[in-house]
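The values are calculated or read from the model by the stated rules, or taken from the named source; none is laboratory data. Please read all numbers here as calculations on a predicted model, not as lab measurements. Virtual Cβ from ideal backbone geometry, glycine too; neighbours counted across all protein chains shown.
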Amino acid sequence: MKLYDLAVSGNCYKVRLFAALAQIELELVAVDFSRNEHKSEAIFSLNPWGQVPILQDDALVLRDAQAILVYLAGRYGGEAWWPGEAHLQGQVMQWLSVAANEIQHGPSAARLIKKFGANLDAPLALRRSEHILGLIDEHLATHQWLAAGRPTIAECAVFPYVALAWEGDVDISPYQNIAAWIARIKALPGFIAMPGVELAS
Ligand SMILES: N[C@@H](CCC(=O)N[C@@H](CS)C(=O)NCC(=O)O)C(=O)O
């Protein structure tokens, strides 16, 4: 099973992290953004959006980190990561949507601006970051994990850009419940790092 991948991408890390935690073997295919490979015919033929991550599992090709997490967990990860009960699936989905929306337009956008020079609205990204981080922190004041009372793919979707927020000059030190949750995730067996996210010391 192939993952078309970029090492510094938080979206790709969502998938790499889940595969590591769930012990799912992936063949990483590095896509060289410095050579614009993500806009090559080869990539467009797999994903017309010209973005990574892309998962290729035999004849199946999937784009979007959240969709890939649902597929991998449902097909290979067992109920631990993607519960069978509809009400728990709904709870996990709430957080996958947060990862694709509020986090993408908050901490992820702030990082794109600061680290990669993206032409986006920096004050807006910072305001959005504070808003969503405040909400997550409030939720984690009464929950150990985001959904279902155990670590699920919701953690894999939300964790990367929260842990990488500092690279966008987003200060996460006021959020003590988030700090504790980050430590719990880093303590999970199989946890892996990425540039900007260290292993637990
Ligand atoms: N909705 C997608 C977004 C993927 C995405 O934005 N990927 C970035 C790398 S993190 C990318 O390939 N950007 C290149 C581009 O948009 O042209 C997901 O969640 O996977």
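If I filter the range 166-173 for residues that are more than 14 Å from the chain's Cα centre (by Cα) and loosely packed, with under 14 Cβ neighbours inside 10 Å, do I get at least one hit? Yes: one or more hits.
Can you confirm whether the range 77-86 contains a residue that is more than 21 Å from Leu6 (Cα to Cα) and in a helix (DSSP H, G or I)? Within the range 77-86, one or more residues are more than 21 Å from Leu6 (Cα to Cα) and in a helix (DSSP H, G or I).
Looking across Ala163, Ala125, Ala180, Ala148, one residue alone is surrounded by 12 or more Cβ atoms within 10 Å (Cβ to Cβ), at pLDDT below 95 and among the small types (Gly, Ala, Ser). It is Ala148.
Within the range 97-113, at least one residue is over 17 Å from the mean Cα position of the chain (by Cα) and in a helix (DSSP H, G or I). The residue pairs whose first member lies in the range 1-29 and is in the same structural domain as Ala65 (by TED's automatic domain parsing) and under 21 Å from Leu46 (Cα atoms), whose second member is buried (at least 16 other Cβ atoms within 10 Å of the Cβ) and hydroxyl-bearing (Ser, Thr, Tyr), and whose beta carbons are closer than 7 Å, counting only pairs six or more residues apart or on different chains, are Gly10/Ser108; Gly10/Tyr161; Val29/Tyr4.
Only one entry of Gly106, Gly117 meets the criterion of being out of contact with any Ser or Thr (no Cβ under 9 Å at 6 or more places or on another chain) and either crowded, with 22+ Cβ neighbours inside 10 Å or of a type in the set (Gly, Ala, Ser) (or both), and that entry is Gly117.
Taken over the range 145-173, residues that are among the small types (Gly, Ala, Ser) and farther than 28 Å from Gly77 by Cα amount to 2. Applying the criterion of being among the small types (Gly, Ala, Ser) and crowded, with 19+ Cβ neighbours inside 10 Å to the residues of the range 46-84, the residue that is nearest to Arg16 (Cα to Cα) is Ala65.
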